[in-house]
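Here is the structure we will look at, set down as structure tokens.
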């Protein structure tokens, strides 16, 4: 009897456990948006303003701030970043960073964008802001500046955390700003595979990149709470569409749905449209960070120098100066030439007659007088030509053997990479016209790379390249100098 009483509740528990296992987990809410990237026009939306878990779509904001920090001079792409224990302890997906090791900042960017590595995202946050919490505050400030009004970030990687939420509309907007605000870095999202320093990383979005014509990015995301998320961009001709999916049931379902949304966008978008994009974000507080360089090109305040009060000079000094000036003027003024006196007309006639009478020539010493008289007067030969003036010796060109950093023209400025040769040429021309005098002596070159076309100004000295890049930074234009 006792055994029967014990078995009854145990059997009930087993049945409940089996029912729980057989019941599918509640699917994450579905949301989607399709946008014409050129104008920001929404072509389709569903639950676009519902706050959901963004998962690794969060890394788009992490990378946006990383590009901003490089532009503002807070950090360099080749800065060696030391990995903390917190970063190394992040759960997968990860690059495999070890606490205490160092790695270049550019490799952290690649790992976050291509592999969606959580440890790399945390390392980026700590390298820029000192801690992930401080970086999350900067993420939220940037989100507000970009118009992402329903997004709150709590970390740099997107793992599920209370209050870490976003919307399909906000993430579509962020994807659009990534394309147009940092085109020189955007190509990283289209790389199928690349080196991240300690390992080769493969793109988590390579299926869409390979399967959909024109697809060139940008970011996937997945957690159990979020489902399968994706923000994707594709360009065909002059048209560019951005589509976003939240809450996909599986990676295959998400990929298929995003391609359907992109098709919808290209079908509804006009063939020609003017790109309308706001400028880089402006912050109401003291800027991205306390140690950042924020060139604006504007002079906030230029006070006039205060006039100095001078005592009136003494009258005697003024009189002495006046006398000295008068004396100097009188010495510098020439005296008038004396006027000629009147001469009688008879005297003038007599003087003219004397002047016209021939004067006998004196014989040359050592020669008889008859010889001198018979010698014909020399006449200029009308056929003879005058001798040409001597030709000056050619100037010897000075050969400068010194290869200094300021004299050699082996340096230049790179404006980043574009999707086409035409886009790179247009960027070079626009930059040259905007900076007349800066790139007049430079050569405009488009260098084809594996991942795009790099726009370059070459044939500059190191000083010229450095000054030119600084002037572009004042205009909020990203650039890098290169050398031999």
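Worth pointing out:
- Any hit, the range 121-133, residues being in contact with a strand residue (DSSP E or B) (Cβ under 6 Å, 6 or more places away or on another chain) and touching a residue at least 24 places away in the same chain (Cβ under 8 Å): yes
- Subset of the range 196-215 [crowded, with 19+ Cβ neighbours inside 10 Å and either within 20 Å of residue 38 (Cα to Cα) or not assigned by TED's automatic domain parsing to the domain that holds residue 92 (or both)]: 215
Here's the yes/no breakdown for (1) assigned by TED's automatic domain parsing to the domain that holds residue 219; (2) at pLDDT below 95; (3) closer than 26 Å to residue 251 by Cβ; (4) not in a helix (DSSP H, G or I):
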position: 15; (1), (2), (3), (4): no, yes, no, no
position: 35; (1), (2), (3), (4): yes, no, yes, yes
position: 39; (1), (2), (3), (4): yes, no, no, yes
position: 57; (1), (2), (3), (4): yes, no, yes, no
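- Within the range 78-118, the set of residues being part of a strand (DSSP E or B) and buried (at least 20 other Cβ atoms within 10 Å of the Cβ) comprises 81, 103.
- Residue check for residue 230: assigned by TED's automatic domain parsing to the domain that holds residue 38, in contact with a helix residue (DSSP H, G or I) (Cβ under 8 Å, 6 or more places away or on another chain), in a helix (DSSP H, G or I) and surrounded by 15 or more Cβ atoms within 10 Å (Cβ to Cβ): no
- The residue of the range 162-178 that is surrounded by the fewest Cβ atoms within 10 Å (Cβ to Cβ), among those that are touching a residue at least 12 places away in the same chain (Cβ under 8 Å) and in contact with a strand residue (DSSP E or B) (Cβ under 6 Å, 6 or more places away or on another chain), is 165.
- Meets criteria (surrounded by 17 or more Cβ atoms within 10 Å (Cβ to Cβ) and in a loop (DSSP other than H, G, I, E, B)) for residue 457: no
- Flag for residue 281 being closer than 26 Å to residue 114 by Cα, modelled with pLDDT under 85 and not in a helix (DSSP H, G or I): no
- The residue that is farthest from residue 157 (Cα to Cα), among those in the range 63-82 that are over 19 Å from the mean Cα position of the chain (by Cα) and touching a residue at least 24 places away in the same chain (Cβ under 8 Å), is 80.
- Residue within the range 143-150 that is assigned to a helix (DSSP H, G or I), under 24 Å from residue 217 (Cα atoms) and free of Cβ contacts under 8 Å to residues at least 24 places away in the same chain present: yes
- Positions within the range 450-461 being over 12 Å from residue 414 (Cα atoms) and either within 13 Å of the chain's Cα centre (by Cα) or modelled with pLDDT under 85 (or both), in sequence order: 450, 451
The values are calculated or read from the model by the stated rules, or taken from the named source; none is laboratory data. Quick caveat: nothing in here was measured; it's all calculated off a predicted structure. As a convention, Cβ positions derive from the backbone with ideal geometry for all residues, glycine included, and neighbour counts pool all protein chains shown.
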